[in-house]
Structures are given as C-alpha cells and as structure tokens.
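A.B. asks: Just passing along the structure, written as structure tokens.
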Amino acid sequence: LLGAAYVNLANRKVLPIAGVVITPNDDVRLELLYPEGKVAWRVNPGRDHERWMYVSGSFFGRTWNINRSSGVNDDVTYSDWRVGFGIESHLQTRAVWYLEVGAALGRKLEYESHVGDYDPGTTGFLRGGFYY
C-alpha cells in the first residue's frame with residue numbers, strides 16, 4: 001500500500017501511508033503499515049463468527065485552536081504512539097465488535113507558542129467498539 005492521509009496536525013498536514021498486508025494463511029493476517037499496523041491471528045472460527053486476537057501499533061495526533069485566558073489564540077497539538085492487544089469478533093452479518101487494552105507512549109502536548117508544552121508520560125487505555 002502507498003498513499004497519504006490528510007490529518008489535523010499543526011506541524012504536519014499529510015501523513016504518508018505505506019506498508020504491506022500479508023495473509024500467509026487463513027488464520028494469520030499481517031498488516032505491516034505506517035501509521036497504523038496490526039498482526040492478527042484467528043483463534044476461534046465458529047459457524048456464525050470468527051474470533052481474532054491481535055497486537056496493534058499506531059500513531060495518533062490532533063491539533064485544536066484554543067483561546068487562552070489572556071485572549072490570545074493558540075494552537076495545541078496532542079500526539080502519542082499506541083500499542084495494544086485486542087480481540088475482535090467478525091459476525092456472519094459482516095458486523096465486527098472489538099475490545100482492546102494498551103498503552104499510549106511518547107505523549108506530547110505542544111502549543112504553537114510553546115507556552116505550557118507538556119509531556120504527560122505513558123498511560124493505559126481500554127477501548128471497544130462496533131462497526132459494520
């Protein structure tokens with residue numbers, strides 16, 4: 001895969017997307033991609049679903065415009081690197097639910113003015129969802 005993604009970051013408007021997706025067999029899928037990759041293996045192929053476990057890694061970042069108490073506008077950018085371990089279930093209806101636990105590393109909160117820049121440190125996360 002090769003491409004680009006428009007992102008809402010003050011210091012970078014476009015992220016490259018590059019990598020390969022390899023499926024050596026029906027039970028393993030390697031998504032070796034930047035900025036978001038995953039290695040998954042099927043653990044329970046049922047009649048009406050497939051259950052997969054995975055390890056993921058990704059870059060996350062966003063920029064927001066804020067108004068400081070002094071009345072001055074500033075931009076603040078939050079970014080981190082995420083690693084996680086999860087489970088997802090692919091239902092026969094093509095719907096998927098997932099649950100993931102992980103850590104956000106290298107977290108940064110950077111202001112365009114550099115007043116108040118902060119490195120919050122590593123934290124954990126728990127997320128889940130459903131998509132079709």
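The values are calculated or read from the model by the stated rules, or taken from the named source; none is laboratory data. Model, not experiment: these values are computed from the prediction. Neighbour counts run over all protein chains shown; Cβ positions are idealised from the backbone, glycine included. Each accessible area value is taken on the protein alone, full model and side chains, heavy atoms only, with ligands, DNA and RNA left out. Shrake-Rupley method; radii C 1.70, N 1.55, O 1.52, S 1.80 Å.
A.B. asks: Rounded to the nearest whole Å², what accessible area per residue is found for the chain with the 1.4 Å probe?
C.D. replies: Solvent-accessible surface per residue comes out at 65 Å².
A.B. asks: What distance in nm separates the two pseudo spin-label positions at Leu33 and Tyr78, each 7 Å out from Cα along the beta-carbon direction?
C.D. replies: Those two pseudo-labels are separated by 2.4 nm.
A.B. asks: Can you run phi through the Karplus equation (6.51, -1.76, 1.60; θ = phi - 60°) for the range 103-111 and list ³J(HN,Hα) in whole Hz, with x for Gly and Pro?
C.D. replies: The phi angles translate into 9, 9, 10, x, 5, 9, 10, 10, 9 Hz.
A.B. asks: Once phi is turned into θ = phi - 60°, what whole-Hz ³J(HN,Hα) does the Karplus curve with 6.51, -1.76 and 1.60 give for every residue of the range 118-132, x standing for Gly and Pro?
C.D. replies: 8, 10, x, x, 6, 9, x, 8, 9, 9, x, x, 8, 9, 10
A.B. asks: If I compute Kirkwood radius over Cα pairs in Å from the structure I just sent, which labelled value in (1) 14.6; (2) 17.0; (3) 16.0 lines up?
C.D. replies: Working out Kirkwood radius over Cα pairs in Å from the coordinates points to (2).
A.B. asks: Quick one: which residues, 5+ away or cross-chain, put their amide H under 5 Å from the amide H of Val7? H built at 1.01 Å from N.
C.D. replies: Under 5 Å from the amide H of Val7 lie the amide H atoms of Val14, Leu15, each far enough along the sequence or on another chain.
A.B. asks: Using per-residue counts of other Cβ atoms within 10 Å, averaged over each peptide, order 75-81, 23-29, 99-105 from highest down.
C.D. replies: Sorting 75-81, 23-29, 99-105 by mean packing, highest first, produces 75-81, 99-105, 23-29.
A.B. asks: Given H placed 1.01 Å from N in the peptide plane, which residues other than close sequence neighbours of Val28 have an amide H under 5 Å from its amide H?
C.D. replies: Arg42
A.B. asks: To continue, here is another question. How much of the accessible area of the chain, in percent, comes from carbon and sulfur atoms when a 1.4 Å probe is used?
C.D. replies: The nonpolar share, carbon plus sulfur, comes to 57 percent.
A.B. asks: Tell me, what ³J(HN,Hα) does each residue in the range 36-45 have, in order and in whole Hz, if you take phi through Karplus 6.51 cos²θ - 1.76 cosθ + 1.60 with θ = phi - 60° and put x for Gly and Pro?
C.D. replies: Karplus values, whole Hz, x for Gly and Pro: 9, x, 7, 10, 10, 9, 7, 10, 7, x.
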